[in-house]
Ligand code: IVH
């Protein structure tokens, strides 16, 4: 028998821990320090270990998982878990209202509640005497799977309801959506990629996969979250409308979505839809539409359900960011550093208003990991930097006529044999004279991340090379206004502008010049560190590998690459020519850090690191980080699903940087 005072102590600990977990996970407003919380938790674990009889179903210790299950038991839902009908436009929504009014035989204005449609997994939670006793998946709507231990690991699901006994019904069955936020989803896929495991296509699949783990300890490691949105039986709750239900559920300790809106009539509903669409990508989790419900429970009951869905609610879906199409062919592009990138040529398909017909396949490993073939029907999505990506093939749609994607052995441009160094994912053309590399290097040199010569964007450089006016970097500074004017599409004004820009570019800070050369492993930050250390180009050119390695932040690869680059006679020759053309290299300004003066704004999800880590890194390099868009922003870093801000940044001509480019700036990639 456990002594009375120990029982009392355990009860108090449980209540305190549950309360603080609620403050932390549901309200996002903790009132004690993490260490204090950990101390309480440890104390409870000690007591429960000493007296296992103390463990109750609502003990927070249950949140860590417990023993694996042999299989999932079935749970029959007392009330079926219905689905929702979808509408895709304001017109279809108006038809929904007409049907509702016809059914009610009334044209009275209707009050609706509009809620974000969470893109997760529907679950049912059964509380008896205020304690969570069963949690289940939706299953086929009638019978689901018992995943109680898994659901107990979801921190925002209360194990015990708050409030005094009088206000809590003997039995309460609530429904909600379990989901994985964007950061959690990206981190999970990052881990899976590292472990060589297949990736989840979207947060919904990831949430479902996490909940259906027989070992709840695995579920416990996934940062799942839950919003509730319904009671299985509206007669069992002391509320007369959906809007009241939300207030009541929140009072019991459940998390409810903060973007729920009471709407008087359809115009309010439309406005809220527009609002959600606007903020959609800024939310920490994915939503795929808005659920519109008739607010009044009496009306809901009069309307009733069809076999599949309620007549009093409808899901107004957002336009899709994903689509399916087929891979018609694969093209191999050669980049500045010789990296050969496979690009899928797709049957054109419209995704969120943009026609997509190309998507990068990254490299050979990615193709193999995703098992992609020519002729495959594939799921594609538009990622952050607007470069579409192939998520996965739809295996079920294979006909057997699909062809493997064969990586070439030789460079598709110069024919030189390709090389894939052991342990690297990238296949390269190592011919230093490969015309494709040369063109890309010239584009890079003149472009935004290089010398930033106005008027010499990608198209212009291609044209200059085509016309034979530029073959190597020094040629830029030999251009004459008359030569430019003669080219198709050029005139007096545009030629003059380029001459002015070139004149300006002749005075270049050492760091910018080093960065513009596009030396492998030498991104903007690395270039700035080197410039700050050596101060003159002469000193950089004569530096040994050890000299370079003595600089903090310069690694083995960058050092070797630099020495290699500057020991090449053709490099020295090129630099001599540049100096002869009047290029003046300016020493770095005292006290300046690599990213001093730069203003970063991050949106969307980064795959290689969390957003906070990214912010920390650039701050340490001297940059400022802001969250509001303004013309001060010098680097708009767009991760996956960057949201409406991206469009605004593009409209204002603020330089947009994708994840790859960002990694290159801070010196975290090979290219
Ligand atoms: S109400 C009978 N509200 O959408 C009412 N469902 O397409 C049905 N969902 O199975 C549920 N957010 O998984 C409701 N705020 C919300 C929702 C929501 C997401 C999901 C739920 C349902 C599916 C139907």
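Enumerate the residues in the stretch 559-577 having an amide nitrogen under 20 Å from the point lying 7 Å beyond the Cα of residue 596 toward its Cβ. Inside the label zone: nothing. The Rg/Rh ratio of the stretch 351-480, with Rg taken over Cα atoms and Rh as the Kirkwood radius over Cα pairs, comes to 1.05. Anisotropy class assigned to the stretch 19-154 is prolate, per the alpha carbon gyration tensor with a/c at or over the 1.5 cut-off and a/b larger than b/c. Taken over the chain, the alpha-carbon convex hull comes to 208 cubic angstrom per residue.
Peptides 194-201, 299-306 ranked from most to least packed, by the mean per-residue count of other Cβ atoms within 10 Å: 299-306, 194-201. The length gained by stretching the chain between residue 357 and residue 218 to full extension, at 0.36 nm per residue less their Cα-Cα distance, is 46.2 nm. Based on the reciprocal of the average 1/r between different C-alpha atoms, the Kirkwood radius for the stretch 527-671 equals 17.2 Å. Judged by the mean number of other Cβ atoms found within 10 Å, the most tightly packed of the peptides 506-515, 364-373 leads the ranking 506-515, 364-373. For the chain, the mean residue ellipticity at 222 nm estimated from helices alone is -10500 deg cm²/dmol, where every DSSP H run of n ≥ 4 contributes -39500 (n - 2.57) and the total is divided by all residues, rounded to the nearest 500. Modelled spin-label separation between residue 12 and residue 94, with each label point placed 7 Å from Cα along the Cα-to-Cβ direction: 6.4 nm. By the beta-carbon count within 10 Å of each Cβ, the least crowded to most crowded order of 153, 337, fewest first, is 337, 153. As a size descriptor, the averaged projected area of the C-alpha convex hull of the stretch 288-335 was calculated at 6.4 nm².
Placing pseudo-labels 7 Å out from each Cα toward the beta carbon at residue 331 and residue 507 gives an inter-label distance of 4.2 nm. Counting beta carbons within 10 Å around each of 1, 451 and listing the fewest first gives the order 1, 451.
Against the empirical curve 2.2 N^0.38 Å, the C-alpha radius of gyration of the stretch 162-245 lands at a ratio of 1.47. Once you sort the root eigenvalues of the Cα gyration tensor of the stretch 151-305 as a ≥ b ≥ c, which label holds: rounded (a/c under 1.5), prolate (a/b larger than b/c) or oblate (the other case)? Oblate is the answer for the stretch 151-305, as a/c is 1.5 or above yet b/c matches or exceeds a/b. Peptide packing for 206-212, 604-610 was compared via the average number of neighbouring C-beta atoms within 10 Å per residue; ordered from the highest value, the list is 206-212, 604-610. Rounded is the label for the stretch 509-565, because the ratio a/c of its alpha-carbon gyration tensor axes (a ≥ b ≥ c) stays below 1.5. For the stretch 543-605, pairs of C-alpha atoms spaced more than 14 angstrom apart make up 73 percent of the total. Distance between the pseudo-spin-label points of residue 644 and residue 350 (7 Å out from Cα toward the beta carbon): 2.2 nm.
Size descriptors for the stretch 224-286 (Cα atoms only): Rg and Dmax, in that order, 13.5, 37 Å. The fewest-to-most ranking of 407, 332 by surrounding Cβ atoms within 10 Å reads 407, 332.
Subtracting the Cα-Cα distance of residue 250 and residue 542 from their residue separation scaled by 0.36 nm leaves 98.3 nm. Take every pair of alpha-carbon atoms less than 8 Å apart whose residues are at least six positions apart; their mean separation over the length of the chain yields a relative contact order of 10 percent.
Across the stretch 203-309, C-alpha contacts under 8 Å between residues 6 or more apart give a mean separation that, scaled by the residue count, equals a relative contact order of 25 percent.
Read-outs: derived from the displayed coordinates by stated rules, not from any lab. Worth saying up front: this structure is predicted, and the values here are computed from it rather than measured. All Cβ positions, glycine included, derive from the backbone under ideal geometry; neighbour counts span all protein chains shown.
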